[in-house]
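The structure is given below, and queries will be raised subsequently.
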Amino acid sequence: MSQPVDLNRLRELVLQNQAMGKDLPAERDKKVFVDRHGRIVLNPRTGEEQVLSEVHQGVFAGLRERLARDKEVAARKLPPNTEFLVVDGVPGWRYTIHDEFGQQYVMFLYFDGSLYQVKVVYPEVEGRYSPHHGHLFPDGRICFGKQEGLPTLEQAYAKSVLWANGFTVFLMTGKFPFSL
């Protein structure tokens, strides 16, 4: 049976490692582990580390940092008409583009906790096209392919512009030009 963990010591250790940027510290006495029963283990017996899972000690929610970084990218790379909004508790950016055919698209780009998503606000597409033909999920989000989103705000914005041009061609011809 493992010993109860001193939560004050655990907090101090994790915060020190975070402050030093040591998500997975090399020093044995700075490591934190978890056993297969969900118990925290500090300073395990020699060799016991092999059956324990090491805790990544990085900051849990870098929301402020990510949001600040995204705001900077949005200001530099998204259209001048871009607005930062919070819709139903979800922070994101609404922007309007006109594709190569002059068709207007209004999009809402946001981080879903894992990846960046783009929802088409205008024209109304929600529930009208399949992911296979219009490359849209039923809720109006652009289907970016194998992933259910993209890793950066910039990539999601750029691909949404490509999608808009492809979607206009799809509406005219029935074929989406930018997908095998």
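Within the stretch 1-16, does at least one residue satisfy the condition of being polar (S, T, N, Q) and assigned to a loop (DSSP other than H, G, I, E, B)? Don't jump to the end; show me each part of the working.
Residues of the stretch 1-16 that are polar (S, T, N, Q), as a first pass: 2-3, 8, 16.
This time we only want the ones that are assigned to a loop (DSSP other than H, G, I, E, B), so: 2-3.
Yes - at least one qualifying residue is present in the stretch 1-16.
Continuing with this model, one more query. Please enumerate the residues belonging to the stretch 63-99 that are in contact with an Asp or Glu (Cβ under 7 Å, 6 or more places away or on another chain) and of a type in the set (A, V, I, L, M).
Residue satisfying the conditions is VAL73 alone.
Name every residue in the stretch 21-31 that is surrounded by 11 or more Cβ atoms within 10 Å (Cβ to Cβ) and at pLDDT below 90, in order of residue number.
Selection gives LYS22, ASP23, LEU24, PRO25.
Out of ASN43, ASN17, which single residue is over 27 Å from the mean Cα position of the chain (by Cα), at pLDDT below 90 and not assigned by TED's automatic domain parsing to the domain that holds LYS146? Break it down into steps so the answer makes sense when it comes.
Values: ASN17 fails: over 27 Å from the mean Cα position of the chain (by Cα).
Answer to the check: ASN43.
Give the residues of the stretch 61-104 that are in contact (Cβ under 8 Å) with a residue 60 or more places away in the chain and within 14 Å of ALA164 (Cα to Cα), sorted by residue number.
Residues satisfying the conditions are TYR95, ILE97, ASP99, GLU100, PHE101, GLN103.
Go through GLY134, GLY140 for me and flag whichever is under 18 Å from TYR95 (Cα atoms) and not acidic (Asp, Glu).
Numbers: GLY134 fails: under 18 Å from TYR95 (Cα atoms).
That would be GLY140, the only listed residue that is under 18 Å from TYR95 (Cα atoms) and not acidic (Asp, Glu).
Here are some conditions: (1) loosely packed, with under 12 Cβ neighbours inside 10 Å; (2) not assigned by TED's automatic domain parsing to the domain that holds LEU109. ALA68 meets all but one. Which one does it not meet?
The single condition ALA68 does not satisfy is (2).
Just to verify a result, which residue in the stretch 20-31, among those that are within 24 Å of the chain's Cα centre (by Cα) and not acidic (Asp, Glu), is nearest to GLU49 (Cα to Cα)?
Taking the stretch 20-31 as the starting set, the residues that turn out to be within 24 Å of the chain's Cα centre (by Cα) are 21-24.
Then keep just the ones that are not acidic (Asp, Glu); that gives 21-22, 24.
On the way: GLY21: 22, LYS22: 18, LEU24: 14 Å.
Filtering first and then ranking leaves LEU24.
To continue, here is another question. Look at HIS56 and say whether it is at pLDDT below 95, of a type outside the set (Asp, Glu) and in contact with a helix residue (DSSP H, G or I) (Cβ under 8 Å, 6 or more places away or on another chain). Don't jump to the end; show me each part of the working.
Working: at pLDDT below 95: yes; of a type outside the set (Asp, Glu): yes; in contact with a helix residue (DSSP H, G or I) (Cβ under 8 Å, 6 or more places away or on another chain): no.
No: the conditions fail for HIS56.
Condition test on VAL86, is it in a strand (DSSP E or B), of a type in the set (Val, Ile, Thr), in contact with a Gly (Cβ under 7 Å, 6 or more places away or on another chain) and within 27 Å of GLY149 (Cα to Cα)? Give the steps one after another, and end with the answer.
Numbers: in a strand (DSSP E or B): yes; of a type in the set (Val, Ile, Thr): yes; in contact with a Gly (Cβ under 7 Å, 6 or more places away or on another chain): no; within 27 Å of GLY149 (Cα to Cα): yes.
Taking the combined requirement at face value, the residue does not satisfy it.
Testing ALA75 on (1) in a helix (DSSP H, G or I); (2) within 18 Å of the chain's Cα centre (by Cα); (3) modelled with pLDDT of 90 or more, one condition comes back false. Which one is that?
Condition (2) is where ALA75 drops out.
Shifting gears a bit: Pairs needed: first member in the stretch 151-180, farther than 20 Å from GLN104 by Cβ; second member anywhere, assigned to a helix (DSSP H, G or I); C-beta distance under 8 Å; at least 6 residues apart or different chains.
THR152/VAL73; LEU153/ASP70; LEU153/VAL73; LEU153/ALA74; GLU154/VAL73; GLU154/LYS77; LYS175/VAL169; SER179/GLY166
Could you list all residues from the stretch 32-58 that are among the aliphatic types (A, V, I, L, M), surrounded by 13 or more Cβ atoms within 10 Å (Cβ to Cβ) and out of contact with any strand residue (DSSP E or B) (no Cβ under 8 Å at 6 or more places or on another chain)?
So the first thing to find is which residues in the stretch 32-58 are among the aliphatic types (A, V, I, L, M), and the list is 32, 34, 40-42, 51-52, 55.
Imposing the further condition that a residue be surrounded by 13 or more Cβ atoms within 10 Å (Cβ to Cβ) reduces the set to 32, 34, 40-42, 52, 55.
Answer for the stretch 32-58, where residues must be among the aliphatic types (A, V, I, L, M), surrounded by 13 or more Cβ atoms within 10 Å (Cβ to Cβ) and out of contact with any strand residue (DSSP E or B) (no Cβ under 8 Å at 6 or more places or on another chain): there is none.
Any chance the stretch 158-168 includes a residue that's assigned to a loop (DSSP other than H, G, I, E, B) and not small (Gly, Ala, Ser)? Give the derivation first.
Taking the stretch 158-168 first, the residues assigned to a loop (DSSP other than H, G, I, E, B) are none.
No, because not a single residue in the stretch 158-168 is assigned to a loop (DSSP other than H, G, I, E, B) and not small (Gly, Ala, Ser).
The values are calculated or read from the model by the stated rules, or taken from the named source; none is laboratory data. Quick caveat, the model's predicted, so the values are computed rather than measured. Neighbour counts run over all protein chains shown; Cβ positions are idealised from the backbone, glycine included.
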